[in-house]
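K.L.:
Here it is, the structure, as structure tokens.
FYI, it's all coordinate maths here, none of it is from the lab. These numbers come from a predicted model, not from an experiment. So basically every Cβ, Gly included, is an ideal-geometry build from the backbone, and we count neighbours across all protein chains shown.
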Amino acid sequence: MAAKRSIRLALTGAALGGVTLACVAGCEGETHRTATDPTPTLALASQNDGNAADDGDSSSTATAEERTARPLGMAWIPGGEFEMGSDDVVSRLNERPAHRVRVPGFWMDARQVTNAQFAQFVEETGYVTVAERAPDWEELKAQLPPGTPKPPDELLVAGSMVFVGADGPVDLANMGNFWQWKPGASWRRPAGPDSDLKGKGDHPVVQVAWEDAVAYAEWAGKRLPTEAEWEFAARGGRDGARYPWGEEFRPAGAAMANTWDGDFPYRNTSDDGFAGLAPVGQFVPNGYGLYDMAGNAWDWCADEYRPDLHALFADEAVCGDPAALLAANRPPGATTAAVVERVVKGGSFLCHASY
Ligand SMILES: [Ca+2]
């Protein structure tokens, strides 16, 4: 479910991701294009393992001293073995079959990266995000079917996709029924040229492409988390649970995440208190002290997206981080596709059981 994406950093390495409503922490690898990414949000995760990358005892990858010296705003994720992916009836094909994976310990941002944090990065570096750059036709052409005619110059302007909803029930398979390309939309004007960030400094930054998330992470001295790290972290110690907080979507009626209530995409009853994005950290954190691991805005991960990732490792009793294994086993000289898709995790305020 394409939606907003956000950044969450992890130390030494960091991670991001996203989930749909019915999805549990880390249930899916959603795809993304680097440049023309609709409405991303940032979330960075950083890691401080620094050693003992694969010693089988991931809880020891940081010394007691390092864990005591908690980086500001980050939570220690102890690492360990877990069930990655899901065979749940609501899971998608690209998250099956579930298989055992081991990740070392690392630090991860407790909250998604906010507009205020991203603004500081931009102010200090002068960085211009993908959505703020006019598309380059030569670059775009490489991502389109051969022979696609060049659009008029007036259409080749900076902008991004914006969720606009609908007046009534529509075909959910056609994103064009409720998303719209808006010139001038960017992280500064996330809903289009007439919007702004007034009073939204503590909201997750959105309209951020993967390369923007990586640039932010580098500036912050962190990195995006791998998908395995993100998913391990999102589960908060509840291996195999449907949601980061347990099995019930709303235990005792309590909203645990910012999702879409009502009928998507035309009637939002805001039962969870928020019709759109919520400030970061409004719901109960998971077992590792991480907020918004489901809902609100999607998180970017470091990994290239592969729909067959889980199937590749299905026969192994337990494996290390698939991202590292794939990178290590890439044939020499292998070229990457013209468009590299990246993983997002966590879902957004647009996630609904029907979508
Ligand atoms: Ca909501």
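K.L.:
Where does each of Lys150, Lys141, Lys198 land when they are ranked from fewest to most other beta-carbon atoms within 10 angstrom?
P.N.:
Numbers: Lys150 12, Lys141 15, Lys198 6.
Listing Lys150, Lys141, Lys198 from fewest to most nearby Cβ atoms yields Lys198, Lys150, Lys141.
K.L.:
Which of rounded, prolate, oblate describes region 196-244, given a ≥ b ≥ c as roots of the alpha-carbon gyration tensor eigenvalues and a/c under 1.5 marking rounded, otherwise prolate only if a/b is larger than b/c? Don't skip to the end; give the middle numbers.
P.N.:
Working: a/c = 2.82, a/b = 1.54, b/c = 1.84.
Oblate, since a/c reaches 1.5 and b/c is not below a/b.
K.L.:
Separate question: Treat the count of other C-beta atoms within 10 Å as a stand-in for reagent exposure and order Asp171, Asp303 from fewest to most.
P.N.:
So the ranking, lowest neighbour count to highest, is Asp171, Asp303.
K.L.:
Hey, another quick one. When only Cα pairs under 8 Å and 6 or more residues apart are kept, what is the percent relative contact order across region 145-216? Walk me through the intermediate numbers first.
P.N.:
Details: 70 pairs, mean separation 17.8, N = 72.
It rounds to 25 percent for region 145-216.
K.L.:
Using a cut-off of 20 Å between alpha-carbon atoms, which lysines can reach Lys198, once sequence neighbours fewer than 8 places away in the same chain are excluded?
P.N.:
Lys4, Lys182
K.L.:
Still on this structure, please answer the following. If you rank Ser91, Ser160 by fewest surrounding Cβ atoms within 10 Å, what's the result?
P.N.:
Listing Ser91, Ser160 from fewest to most nearby Cβ atoms yields Ser91, Ser160.
K.L.:
Pull up the cross-link candidates among the aspartates and glutamates for Lys150, meaning alpha carbon to alpha carbon under 18 Å and not fewer than 8 places away within one chain.
P.N.:
In chain and number order, the partners are Asp136, Glu138, Glu139.
K.L.:
So if I place +1 on the C-beta of Lys and Arg and -1 on the C-beta of Asp and Glu, and nothing else carries charge, what would the dipole magnitude of region 258-355 be about its Cα centre? I want it in debye, nearest 20. Mind showing how you got there, number by number?
P.N.:
On the way: 5 positive and 13 negative charges, 44 e Å.
I would put it at about 220 debye.
K.L.:
Straight distance only, please: which aspartates and glutamates reach the Cα of Lys141 with their own Cα at less than 18 Å, same-chain residues fewer than 8 apart left out?
P.N.:
Asp37, Asp153, Glu154, Glu341
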